[in-house]
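Student: Have a look at this one before I ask anything.
The values are calculated or read from the model by the stated rules, or taken from the named source; none is laboratory data. Treat the numbers as computed from the prediction; the structure is a model and nothing was measured. Cβ coordinates were reconstructed from backbone atoms using ideal geometry, including for glycine residues, and neighbour counts include every protein chain displayed.
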Amino acid sequence: MSEEGEMLPISVRAAAGAPYLASLNAGQRAAVEALDGPVLVLAGAGTGKTRVLTTRLAHLLTTGKAKPWSVLAVTFTNKAAREMRERVEKLLGPGGGGLPWLGTFHSISARMLRTHAELVGLKNNFTILDTDDQVRLLKQIIDAEGVDEKRWPGRQLAGVIDGWKNRALTPEKVPKNEGFSFADGGGAKLYAIYQARLKILNACDFGDLLMHMIDIFQRYPDVLENYHKKLSHLMVDEYQDTNVAQYLWLRLLAQARKNLCVVGDDDQSIYGWRGAEVDNILRFEHDFPGAEVVRLEQNYRSTGHILAAASHLIANNRGRLGKTLFTDDDLGHRVKVRGVWDGEAEARLIADDIEGWRQSNRSYADCAVLVRAAWQMRAFEERFLMLRIPYKVIGGPRFFERAEVRDVHAYLRLIRSEDDDLAFERIVNQPKRGIGEGTVQKLHAYAGKPLVRFVTDNGPLFDQDTGEVVTEQPEPPGGATRFRTLIGAAREMVVTDDLPLKARTALRAFLADLDRWREQARTISHVELAEIVLDESGYTEMLRRDKSPQAQTRLENLKELVQSMGQYDTLEAYLEHVALVLDIENETDSENVQLSTLHAAKGLEFPLVFLPGWEEEVFPSKRSIDESGEKGLEEERRLAYVGITRARESARISFVANRQIYGRWQVVLPSRFIDELPSANVDAVSETGYGMQPPGVRDMAVEPFTSSYQSPGWRRAQERGAFQGKPPMIEGEARLVARSGGDDSSYKRGDRIFHQKFGYGRVSDVEGNKLTVQFEKAGEKRVIDSFVIPASAA
Ligand code: ATP
Ligand code: MG
């Protein structure tokens with residue numbers, strides 16, 4: 001940021017030699033000064049693309065080429081828009097002549113649509129539905145159309161429609177063959193009904209914000225012309241992630257004056273799964289002939305080792321334009337790669353690092369933990385809470401606040417205590433079991449009061465939810481049953497005729513489930529209980545049937561939740577813990593460690609970046625590869641590139657040797673992306689000595705991870721005699737010592753072996769130190785050879 005520009009009045013800075021220009025390199029300056037005509041800046045991470053946009057905005061204003069209200073700048077997140085606004089204010093000084101249109105495609109479109117709503121049959125005060133509302137509405141439509149909602153869930157349809165909207169397809173334009181992707185051909189029809197219903201409700205969803213504006217631009221040339229007159233310059237950040245609808249929207253707005261400047265990096269295109277088209281970059285020069293194309297190669301963000309590691313990794317992608325990056329910065333610290341025993345150990349390691357960083361007088365806010373999937377946050381959040389490290393989750397709820405996690409807790413609370421009416425209400429019809437709002441209202445009425453009320457010490461009643469004191473004592477319907485719970489009411493009502501037969505039957509079944517679970521809870525562990533509840537309530541099934549990415553995330557979160565419960569001895573202890581965790585929330589410390597998914601961290605930078613969970617199937621994500629093969633893998637690799645390039649001073653990658661899934665330990669392999677890092681820029685330390693020399697680097701001339709042999713972990717491993725092929729021992733802090741990976745295994749095909757967890761089996765394939773074993777009981781598994789012993793020695 002050009003600090004030197006802050007003190008001067010705008011008029012002085014308007015000169016050609018404006019100080020903010022002095023802080024740019026030649027390429028950046030070219031892009032900033034090319035104020036007329038189309039400009040494409042195509043450059044790698046940290047080369048100052050966002051800086052170019054902000055400075056260009058300032059330049060437009062100071063030179064008088066544009067008025068604040070005539071510039072429209074699109075960022076990818078609202079957070080980025082805020083940051084850009086701050087940067088511009090810093091350049092121009094506060095109140096530097098009004099503010100330009102700055103925001104995401106959605107926020108800008110929403111603002112436009114408020115002015116023209118009536119052209120698409122909406123009122124100006126239309127509601128923007130969130131995903132939950134959207135899904136609820138779709139369910140109603142699916143039901144009303146006589147489609148089996150169990151087979152064709154609303155959430156899935158929401159995803160399908162979203163996909164169409166990303167490609168700017170109205171119901172009429174959905175290609176015939178694609179209509180079949182939902183409800184055997186009913187998809188497009190349901191979509192049309194949905195759009196009609198939205199109009200009646202005076203509502204639109206996220207995708208509509210753009211779709212409606214495109215529609216208006218196309219059908220009302222005078223409206224579009226007005227925007228052409230008004231908006232002299234358009235700019236777009238993170239251009240590689242625009243989808244077809246966004247592209248059309250932009251092209252329509254820019255086509256008259258063609259003053260459009262876009263910046264992007266094909267290597268950071270990470271929203272292909274949401275319909276982003278990296279081809280938009282390639283198409284730019286075609287659609288805007290004569291565009292000035294600027295390439296930037298100097299990275300100003302990261303130190304040498306970090307940049308080299310990221311560049312080397314991304315070079316493994318075939319589908320890329322390819323570019324070079326350099327930095328004048330020092331080499332700095334090598335990228336750390338560390339292996340630990342399990343997820344808890346990983347959380348401990350990272351939290352300890354953060355504490356160390358803080359003790360050296362650095363700020364918590366400088367640290368970011370970037371994960372591939374939301375479920376990974378749980379271990380870190382718990383560790384941070386325990387150590388009282390303030391943190392915040394970028395762009396999402398914290399783990400224990402997620403809807404599915406709260407649902408499970410509600411089930412468990414209700415099993416523990418029948419009095420918990422709030423829990424009852426939350427899950428009585430979740431998943432759907434035919435106990436609708438009407439039934440719940442009748443239960444309330446029967447229980448004789450709208451909410452649970454308590455007698456305080458002095459006598460009066462107060463409302464548990466609001467704290468409101470109720471002075472009028474309701475007439476108790478039957479002496480001591482005055483405070484009948486909803487479950488109590490339900491038990492009585494299922495034997496009366498007050499409820500419709502269907503609801504009564506459903507309620508009876510639900511009560512029977514609850515009773516059975518409560519009975520079981522006496523004898524089984526709370527982890528097993530949670531598994532049973534998720535299974536028998538139909539909750540897991542509900543999510544499984546739903547093929548949307550959100551449902552998959554929810555399933556993963558639940559798996560993580562169940563496995564984490566094992567750390568507590570009892571259900572009581574666990575629920576107590578949860579209550580406390582939720583209580584600590586909202587500490588108003590602005591000095592927070594940033595916890596984020598890799599996706600949400602795009603465009604941001606932090607001095608210290610942790611990248612945990614670099615294991616096969618976690619990262620690259622199994623789902624991406626299953627669904628999109630090589631293309632999916634390349635998108636995962638771009639995500640890894642985004643992750644590493646967020647770091648300014650230090651990047652620390654980690655992976656674990658074991659993950660617990662539904663209470664069972666599974667051996668996991670380090671991510672292939674770790675193999676792809678250049679040894680010269682990496683410092684590898686393994687607590688476990690496990691998987692540090694994967695097949696990919698075995699044939700390198702230099703020993704790739706020499707330094708790991710000097711590490712305490714290795715020395716400990718040697719002292720403990722871990723190199724003798726014994727089965728691993730878990731000691732004290734659950735630390736595993738195993739012998740070095742990488743050497744060809746001493747096992748060969750056909751050997752009979754024994755594994756502590758999986759039992760006896762026969763080796764069917766050997767790859768380096770990884771064995772494929774046909775276990776007699778556990779089936780085929782891939783294991784590291786140090787985890788097994790010859791059957792004869794067992
Ligand atoms: P990404 O691809 O991750 O979005 P980017 O290309 O947008 O990165 P910026 O965020 O604009 O990069 O810049 C990265 C860092 O480098 C910022 O801290 C920025 O202030 C700094 N920077 C950019 N250009 C220069 C320059 N010419 N001189 C000094 N610092 C610069
Ligand atoms: Mg940027």
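Student: Applying the selection to segment 200-213, what residues are surrounded by fewer than 22 Cβ atoms within 10 Å (Cβ to Cβ) and hydrophobic (A, V, I, L, M, F, W, C)?
Tutor: Those that are surrounded by fewer than 22 Cβ atoms within 10 Å (Cβ to Cβ) and hydrophobic (A, V, I, L, M, F, W, C): ILE200, LEU201, ALA203, PHE206.
Student: Here's another thing I want to ask about it. Does at least one position in segment 568-577 carry a residue that is crowded, with 24+ Cβ neighbours inside 10 Å and at pLDDT below 95? Walk me through how you get there before you give the answer.
Tutor: Step one: of segment 568-577, the residues crowded, with 24+ Cβ neighbours inside 10 Å are none.
Among the residues of segment 568-577, not one is crowded, with 24+ Cβ neighbours inside 10 Å and at pLDDT below 95, which makes the answer no.
Student: Looking at the structure I just gave you, is PRO390 surrounded by fewer than 18 Cβ atoms within 10 Å (Cβ to Cβ) and free of Cβ contacts under 8 Å to residues at least 40 places away in the same chain? Reasoning before the result, please.
Tutor: Working: surrounded by fewer than 18 Cβ atoms within 10 Å (Cβ to Cβ): yes; free of Cβ contacts under 8 Å to residues at least 40 places away in the same chain: no.
In short, no.
Student: Would a scan of segment 264-277 turn up a residue that is basic (Lys, Arg) and closer than 23 Å to ASN226 by Cβ?
Tutor: Step one: list which residues in segment 264-277 are basic (Lys, Arg), which gives 274.
Right, trim to closer than 23 Å to ASN226 by Cβ and you get none.
No, that holds for no residue.
Student: Let me ask you something else. Exactly one condition in (1) within 16 Å of ligand 1 (Cβ to nearest atom); (2) at pLDDT below 95 is not met by ALA657; state its number.
Tutor: So ALA657 meets the others, but not (1).
Student: Could you please find all residues in segment 539-558 being over 20 Å from THR597 (Cβ atoms) and either surrounded by fewer than 17 Cβ atoms within 10 Å (Cβ to Cβ) or among the charged types (D, E, K, R) (or both)?
Tutor: Keep residues of segment 539-558 that are over 20 Å from THR597 (Cβ atoms), which gives 539-542, 544-547.
The answer is GLU541, ARG544, ARG545, ASP546, LYS547.
Student: Can you tell me which of (1) among the small types (Gly, Ala, Ser); (2) surrounded by fewer than 17 Cβ atoms within 10 Å (Cβ to Cβ); (3) modelled with pLDDT of 90 or more is the one GLY322 doesn't meet?
Tutor: Every condition holds for GLY322 apart from (3).
Student: Another question, then. Do we have any residue at all in segment 580-588 that's within 16 Å of ligand 2 (Cβ to nearest atom) and either in contact with a Cys (Cβ under 6 Å, 6 or more places away or on another chain) or not in a helix (DSSP H, G or I) (or both)? If you could, list the steps in order and put the result at the bottom.
Tutor: Step one: of segment 580-588, the residues within 16 Å of ligand 2 (Cβ to nearest atom) are none.
Checked segment 580-588: no residue is within 16 Å of ligand 2 (Cβ to nearest atom) and either in contact with a Cys (Cβ under 6 Å, 6 or more places away or on another chain) or not in a helix (DSSP H, G or I) (or both).
Student: Another one. Among the residues of segment 53-76 satisfying the criterion of being farther than 15 Å from LEU92 by Cα and within 11 Å of ligand 2 (Cβ to nearest atom), which is surrounded by the most Cβ atoms within 10 Å (Cβ to Cβ)?
Tutor: THR75
Student: Regarding ALA309, is this residue surrounded by 22 or more Cβ atoms within 10 Å (Cβ to Cβ), of a type in the set (Gly, Ala, Ser), at pLDDT 90 or above and within 16 Å of ligand 1 (Cβ to nearest atom)?
Tutor: Numbers: surrounded by 22 or more Cβ atoms within 10 Å (Cβ to Cβ): yes; of a type in the set (Gly, Ala, Ser): yes; at pLDDT 90 or above: yes; within 16 Å of ligand 1 (Cβ to nearest atom): yes.
Yes: the conditions hold for ALA309.
Student: Test ARG338 against the stated conditions and say whether it is closer than 25 Å to ALA600 by Cβ, among the basic types (Lys, Arg) and part of a strand (DSSP E or B). Write out each step before concluding.
Tutor: Numbers: closer than 25 Å to ALA600 by Cβ: yes; among the basic types (Lys, Arg): yes; part of a strand (DSSP E or B): yes.
Yes, satisfied.
Student: What about TYR239, is it over 26 Å from ARG29 (Cβ atoms), of a type outside the set (D, E, K, R) and surrounded by 17 or more Cβ atoms within 10 Å (Cβ to Cβ)?
Tutor: On the way: over 26 Å from ARG29 (Cβ atoms): no; of a type outside the set (D, E, K, R): yes; surrounded by 17 or more Cβ atoms within 10 Å (Cβ to Cβ): yes.
So TYR239 fails the test.
Student: Looking at segment 366-425 only, could you name the residues that are part of a loop (DSSP other than H, G, I, E, B) and of a type in the set (Ser, Thr, Tyr)? Break it down stepwise before answering.
Tutor: Residues of segment 366-425 that are part of a loop (DSSP other than H, G, I, E, B), as a first pass: 372-373, 388-390, 394-398, 402, 417-420.
Selection gives SER417 alone.
Student: Would you confirm whether any residue within segment 303-319 is touching a strand residue (DSSP E or B) at 6+ places or on another chain (Cβ under 9 Å), polar (S, T, N, Q) and within 16 Å of ligand 2 (Cβ to nearest atom)?
Tutor: No - not one qualifying residue is present in segment 303-319.
Student: Let me ask another. Tell me, please, whether a residue that is within 16 Å of ligand 1 (Cβ to nearest atom) and either at pLDDT below 90 or in the same structural domain as LEU21 (by TED's automatic domain parsing) (or both) can be found in segment 92-101. Give the derivation first.
Tutor: Here is the first cut: in segment 92-101, the ones within 16 Å of ligand 1 (Cβ to nearest atom) are none.
No, the conditions are met nowhere in segment 92-101.
Student: Follow-up. For ARG504, indicate whether it is surrounded by fewer than 21 Cβ atoms within 10 Å (Cβ to Cβ) and at pLDDT 95 or above.
Tutor: Details: surrounded by fewer than 21 Cβ atoms within 10 Å (Cβ to Cβ): yes; at pLDDT 95 or above: no.
So ARG504 fails the test.
Student: Restricting attention to segment 363-380, which residues are in contact with a strand residue (DSSP E or B) (Cβ under 7 Å, 6 or more places away or on another chain) and of a type outside the set (A, V, I, L, M)?
Tutor: Residues satisfying the conditions are TYR364, ASP366, CYS367, ARG372, PHE380.
Student: Go through (1) in the same structural domain as ASN280 (by TED's automatic domain parsing); (2) of a type in the set (Phe, Trp, Tyr); (3) at pLDDT below 95 one by one and return the number of the condition TYR220 breaks.
Tutor: Just one mismatch for TYR220, condition (3).
Student: Working only within segment 589-629, note down all residues that are exposed (fewer than 15 other Cβ atoms within 10 Å of the Cβ) and either modelled with pLDDT under 85 or in a helix (DSSP H, G or I) (or both).
Tutor: ASP589, SER590, LYS622, ASP626, GLU627, GLY629
Student: Follow-up. From the list ASP143, ASP130, ASP148, exactly one residue is at pLDDT below 85, loosely packed, with under 15 Cβ neighbours inside 10 Å and farther than 17 Å from LEU231 by Cβ. Which is it? Before the answer, list the steps.
Tutor: Numbers: ASP143 fails: at pLDDT below 85; ASP148 fails: at pLDDT below 85.
So the residue among ASP143, ASP130, ASP148 that is at pLDDT below 85, loosely packed, with under 15 Cβ neighbours inside 10 Å and farther than 17 Å from LEU231 by Cβ is ASP130.
Student: Quick check: is even one residue across segment 320-333 within 16 Å of ligand 2 (Cβ to nearest atom) and within 29 Å of VAL656 (Cβ to Cβ)?
Tutor: No, segment 320-333 contains no residue that is within 16 Å of ligand 2 (Cβ to nearest atom) and within 29 Å of VAL656 (Cβ to Cβ).
Student: Let me ask something additional. Tell me, please, whether a residue that is within 16 Å of ligand 2 (Cβ to nearest atom), outside the structural domain of LEU24 (by TED's automatic domain parsing) and within 23 Å of the chain's Cα centre (by Cα) can be found in segment 336-348. So that I can check it myself, show each step before the final result.
Tutor: Pass one, segment 336-348, residues within 16 Å of ligand 2 (Cβ to nearest atom): none.
No.
Student: Still on this structure: Filter segment 506-554 down to the residues that are small (Gly, Ala, Ser) and in a helix (DSSP H, G or I), then identify the one that is nearest to GLY436 (Cα to Cα). Full working, then the answer.
Tutor: If we filter segment 506-554 for residues that are small (Gly, Ala, Ser), which is where we start, we get 506, 509, 512, 521, 525, 530, 537-538, 548, 551.
Then keep just the ones that are in a helix (DSSP H, G or I); that gives 506, 509, 512, 521, 530, 551.
Values: ALA506: 10, ALA509: 15, ALA512: 18, ALA521: 28, ALA530: 25, ALA551: 22 Å.
For segment 506-554, the residue satisfying everything is ALA506.
Student: Just give me the residues in segment 755-784 being at pLDDT below 80, surrounded by 13 or more Cβ atoms within 10 Å (Cβ to Cβ) and under 19 Å from ARG672 (Cβ atoms), in sequence order.
Tutor: Listed by number, the residues that qualify are GLY768, ASN769, LYS770, LEU771, LYS781, ARG782, VAL783, ILE784.
Student: Within segment 116-126, can one find any residue that is at pLDDT 85 or above, of a type in the set (Phe, Trp, Tyr), touching a helix residue (DSSP H, G or I) at 6+ places or on another chain (Cβ under 8 Å) and under 23 Å from LEU210 (Cα atoms)? If you could, list the steps in order and put the result at the bottom.
Tutor: Residues of segment 116-126 at pLDDT 85 or above: 116-123.
Right, trim to of a type in the set (Phe, Trp, Tyr) and you get none.
Within segment 116-126, none of the residues are at pLDDT 85 or above, of a type in the set (Phe, Trp, Tyr), touching a helix residue (DSSP H, G or I) at 6+ places or on another chain (Cβ under 8 Å) and under 23 Å from LEU210 (Cα atoms).
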